[in-house]
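Structure first, commentary second.
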Amino acid sequence: MEKLVNIPAHVSIIMDGNGRWARERGLERTAGHIEGVESVRACTEAAVEAGVKYLSLYAFSEENWNRPQEEVDTLMSLMFKSMMEEMPNFSENGIRFMVLGNRERLSDGLNATIDSCMEKTSGNTALTLILFLSYSGKWDILQAASRFARDVLAHPDRADELLSMDADGFSRYLVTGGIPDPDLIVRTSGEQRLSNYLLWQGAYSELLFTDVLWPDFRKKEFFAALETYSKRDRRYGKVK
Ligand code: IPE
Ligand code: IPE
Ligand code: MG
């Protein structure tokens with residue numbers, strides 16, 4: 001990798017195209033999901049090498065619950081298996097692991113594994129790897145609004161102060177509270193949409209759409225994305 005001047009602190013990826021990768025090879029969709037785990041591994045390594053501090057991955061949307069039960073079950077057991085397998089690598093490589101999303105919809109077993117993985121890696125500082133699971137941007141904004149309303153009701157003496165809160169203040173109620181917004185959002189597989197991902201947090205993210213299917217998105221593709229990002233001019237509405 002060439003030395004890049006402008007390393008994004010937070011890279012986020014909408015991992016799409018597993019099914020098509022499998023279909024192209026005459027395989028079951030599951031084969032694409034399994035191969036996709038290798039891409040997660042490769043991109044995590046690449047992120048550490050490049051000095052990216054946060055890598056977040058859209059692994060399962062709220063809408064994905066509407067897939068056939070068999071595929072949902074396969075995806076959930078794959079998450080479970082991968083977390084168990086990767087746990088030692090996280091600790092070895094200084095990776096803090098987090099899952100964000102609507103945890104109430106996940107099974108008790110999976111939640112227990114997530115909790116243990118998050119707890120064991122909470123002190124690691126090289127890279128924060130975030131898996132968005134059972135997540136959607138609208139759900140996130142709604143749960144934030146609901147928690148905010150509860151705070152206002154619970155603290156009538158501070159109601160005026162709370163109600164005049166700015167966007168930074170409100171963003172602390174999102175599940176990503178305390179995590180910087182993504183500098184770059186990559187979507188693989190040629191689709192050019194956000195599919196209900198990080199609607200608030202992505203307000204000023206650079207977007208990169210690539211035709212590469214997720215199981216084919218490895219280190220080379222990750223570094224190429226960083227290179228593209230380094231050439232972008234972020235203006236935030238100002239004149240330069
Ligand atoms: C991404 O691949 C994985 C998830 C959304 C869980 P897809 O399963 O969406 O693959 P395509 O889009 O059908 O090819
Ligand atoms: C988006 O992919 C969600 C994830 C990658 C987890 P989908 O394949 O579910 O998105 P749509 O249905 O094409 O918008
Ligand atoms: Mg898809």
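Here the relative contact order of the chain, from alpha carbon pairs under 8 Å that lie six or more residues apart, stands at 30 percent.
Checking the Cα-Cα distances for LYS81/LYS138; LYS3/LYS81; LYS53/LYS238; LYS120/LYS219 against a 32 Å cut-off, the pairs over it are LYS3/LYS81. Share of carbon and sulfur in the accessible area of the chain stands at 51%, probe radius 1.4 Å.
Each principal axis of the range 159-221 carries a Cα extent, and these read 51, 21, 16 Å when sorted largest first. In plain terms, the C-alpha convex hull of the range 48-177 casts an average shadow of 9.6 nm² when viewed from every direction. Solvent exposure of the chain, expressed per residue, is 52 Å² of accessible area, with all protein chains present and a 1.4 angstrom probe.
Over the range 1-49, the pair-distance histogram of Cα-Cα distances with 5 Å bins from zero comes to 5, 18, 22, 18, 14, 11, 8, 4, 0 percent, rounded to whole numbers. Considering the chain at the alpha-carbon level, its Rg and Dmax are found to be 18.5, 64 Å.
Comparing SER107, SER116, SER164 in a Gaussian network model of the chain where C-alpha atoms under 10 Å apart are linked, the largest mean-square fluctuation is found at SER164. Normalised by the number of residues in the range 1-117, the average gap of Cα pairs under 8 Å and 6 or more apart makes the relative contact order 25 percent.
Each residue of the range 81-156 gets 116 Å³ once the volume of the Cα convex hull is shared out per residue.
Figure note: ASP183, ASP108 ranked by solvent-accessible area, largest first, 1.4 Å probe, ligands and nucleic acids not counted: ASP108, ASP183.
Each principal axis of the Cα cloud of the range 108-222 was evaluated for its coordinate range; sorted largest first, these ranges are 55, 33, 27 Å.
Normalised by the residues of the range 55-121, what does the relative contact order come to in percent, with Cα pairs under 8 Å and at least six apart? Relative contact order of the range 55-121: 35 percent. The three principal axes of the Cα atoms in the range 15-89 give end-to-end lengths of 38, 24, 22 Å, sorted in falling order.
Taking Cβ atoms as reference points and 15 Å as the exclusive limit, the residues near ASP160 contribute a net charge of -3, counting Lys and Arg as +1 and Asp and Glu as -1.
The values are calculated or read from the model by the stated rules, or taken from the named source; none is laboratory data. Since we're looking at a predicted model, the values are computed, not measured. Glycine also receives a Cβ, built like all others from the backbone with ideal geometry; neighbour counts cover every protein chain displayed. Protein only, heavy atoms only, side chains kept; ligands, DNA and RNA dropped before computing areas. Shrake-Rupley method; radii C 1.70, N 1.55, O 1.52, S 1.80 Å.
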